[in-house]
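Heads up, the thing below is written out as structure tokens.
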Amino acid sequence: MTPTTQGAIVIIVTLLALFSGIPVAFGLGAISIVFLLIFHGFSSLHIVAETFYGGLDDFTLVAIPMFVMMGAAIGSSPAGKDLYEALDRWLYRLPGGLVISNIGACALFAALTGSSPACCAAIGKMGIPEMRRRGYPDEIATGSICAGGTLGILIPPSITFILYGIATETSIGRLFLAGVMPGILLTALFMLWTLFAIWRRGVQTHAPGFRFTWRQKFQSVPKIAPFLAIIVAVMYALYGGIATPSEAAGVGAAFCVVLAVVIYRMWHAKDWWQILRDTMRESVMILMIIAAAVLFGYMLTSLYLTQTLAQSIADAHFNKWALMAMINVFLLVCGFFIPPAAIILMTSPILFPIVTAAGFDPVWFGVILTINMEIGLIHPPVGLNIYIVNAIAPDVPVQRVMWGTLPYVACMMLAIVILCVFPQIATWLPDTLMGPGH
């Protein structure tokens, strides 16, 4: 049987398994073991446990539960509500100022948590009811939160970048820096669309002559300032050469937990239990997927599937941009059905050699890959953020939430085009602060 035929069988079986709803880690692990048995016999089983363990034998992985704990501590506190209220008091005079405040709060919260669902839930619980109360259309109120929540996996620190960095052996520090400018770009595109949509509909949310006093504006700052200081401190520790990503994540998590206890008085056992439970559950899920994906990658390599695919594309002499367009369509379709962590860990062993052989910067491609994952988070049929928002506002039909997300999906696609035309948006900051990449 040729590698091409083997590859087609593996792809079909993998997609069928994942679409069936089986947990991703168990699905990838089972598929890997079955195909190793079929094509290499029982003698291949001795490497399974070693490969599975080797996928987790990396100190960099310590950053994942630390950043997850950082997000769990902030997500369990009223920090999202305070961010939202503070920005609303400063931006209320803009057309659609409340929606702009929510998107801005999502961007800042993303820098604290690195988690899209946590970002969406924390800001949405306060923001959606308030936007609807003030007369914003349901599709704008819900769509903006869905889209703003996706910034959690683009603006650093991002668990998605950590997974991509581990899977492709790309510098996580460079990836974090590369996400900053595209994150700002995407936030700006979301805000510009929102301003246009609100202006077109003529929505008025405050009575004529309404004003927040300067005292009210500055009263909102003290609670959120320490958390913003943590962002600055973690970034400084990372890029000032003081700490590795794992060490910076540990310090950031510790400070977030301490601030949650001190500022929001979260010292009850049930509060701690919720933080530890959420951290344990999400961390174990991600780490199991990582180990299973490493085994899956080993299986693909041992059957010469990735090498054959990369060579076939190289021999076909595709235009590099036509190739990138096909990769984007492929990632977009995957995002409709499979969670971001699974896509990155499954597809990176296949796509990375193709992308680098075509002459694309691997750090830049990490940003493109992440924005595609963001689209999958707000696009049906999976669209995790859509269902989180629907749980917050159950009286808003899911179809209306979906319609509300479509303009923001268009913004993300526009951002991908802009980054293809001007890749320096992603590469300038890491090249400036860390020197040109190799």
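Nothing in this text is a laboratory measurement; each read-out follows from the coordinates by a stated rule. Model, not experiment: these values are computed from the prediction. In this analysis, Cβ positions are derived from the backbone assuming ideal geometry, glycine residues included, and neighbour counts consider all displayed protein chains.
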> When the scattering of the chain is computed by the Debye formula from its Cα atoms alone, each counted once and equally, what is log10 I(q)/I(0) at q = 0.06, 0.13 Å⁻¹?
Replying inline: -0.26, -1.18
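Over segment 339-438, what is the relative contact order in whole percent, taking alpha-carbon pairs under 8 Å and six or more residues apart? Walk me through the numbers on the way to the answer.
Details: 52 pairs, mean separation 23.1, N = 100.
About 23 percent, as a whole number.
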>> I need the shape label for segment 6-75. Rule: rounded when a/c is under 1.5, else prolate if a/b > b/c, else oblate, with a, b, c from the alpha carbon gyration tensor.
In response: oblate
> Could you put Arg132, Arg211 in order, starting from the residue whose Cβ has the fewest other Cβ atoms within 10 Å?
Replying inline: Arg211, Arg132
>> Can you work out the Karplus-derived ³J(HN,Hα) for every residue in segment 27-41? Use 6.51 cos²θ - 1.76 cosθ + 1.60 with θ = phi - 60°, whole Hz, and x for glycine or proline.
In response: x, 5, x, 5, 4, 4, 5, 4, 6, 5, 5, 5, 9, 10, x
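In debye to the nearest 20, how big a dipole does the chain give about its Cα centre with +1 on each Lys and Arg Cβ and -1 on each Asp and Glu Cβ?
Numbers: 20 positive and 19 negative charges, 331 e Å.
The dipole of the chain has a size of about 1580 debye.
Calculated from DSSP H runs of 4 or more alone, at -39500 (n - 2.57) each and per residue, what is the 222 nm mean residue ellipticity of the chain, nearest 500? Provide the component values of the computation, followed by the final result.
On the way: 22 runs with 343 residues, N = 438.
So the calculated ellipticity at 222 nm is -26000 deg cm²/dmol.
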>> How big is segment 134-246 along each principal axis, measuring the range of its Cα positions in Å and listing the largest first?
In response: 54, 33, 18
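Using the Cα centre of segment 152-238 as the reference point, and only Cβ charges (+1 on K/R, -1 on D/E), how large is the resulting charge dipole? Debye, rounded to the nearest 20. Present the calculation step by step, with values, prior to reporting the outcome.
Details: 7 positive and 1 negative charges, 113 e Å.
Taking the Cα centre of segment 152-238 as origin, the dipole is about 540 debye.
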> Can you give me the Cα centroid spacing of segment 228-260 and segment 156-177 in angstrom?
Replying inline: 16 Å
> Ordered by residue, what ³J(HN,Hα) values in Hz, to whole numbers, does segment 409-425 give under the Karplus form 6.51 cos²θ - 1.76 cosθ + 1.60, where θ = phi - 60° and Gly and Pro are x?
Replying inline: 4, 4, 4, 5, 5, 4, 4, 4, 4, 4, 5, 5, 6, 10, x, 4, 4
>> Of Phe196, Leu154, Ala415, which is farthest towards the positive pole of the chain's charge dipole, taken about the Cα centre with +1 and -1 on the beta-carbons of Lys, Arg and Asp, Glu respectively?
In response: Phe196
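Sort 395-408, 340-353, 247-260, 138-151 for me by packing, meaning the mean count of neighbouring Cβ atoms within 10 Å per residue, highest on top.
On the way: 395-408: 17.7, 340-353: 23.0, 247-260: 21.1, 138-151: 28.0.
Averaged packing, sorted descending, gives the order 138-151, 340-353, 247-260, 395-408.
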>> Using Cα-Cα distances under 8 Å and only pairs 6 or more residues apart, what relative contact order does the chain have, in percent?
In response: 26 percent
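Magnitude of the Cβ-charge dipole of segment 232-298, K/R +1 and D/E -1, about the Cα centre, nearest 20 debye? Spell out each step's value before the answer.
Details: 4 positive and 4 negative charges, 38 e Å.
I would put it at about 180 debye.
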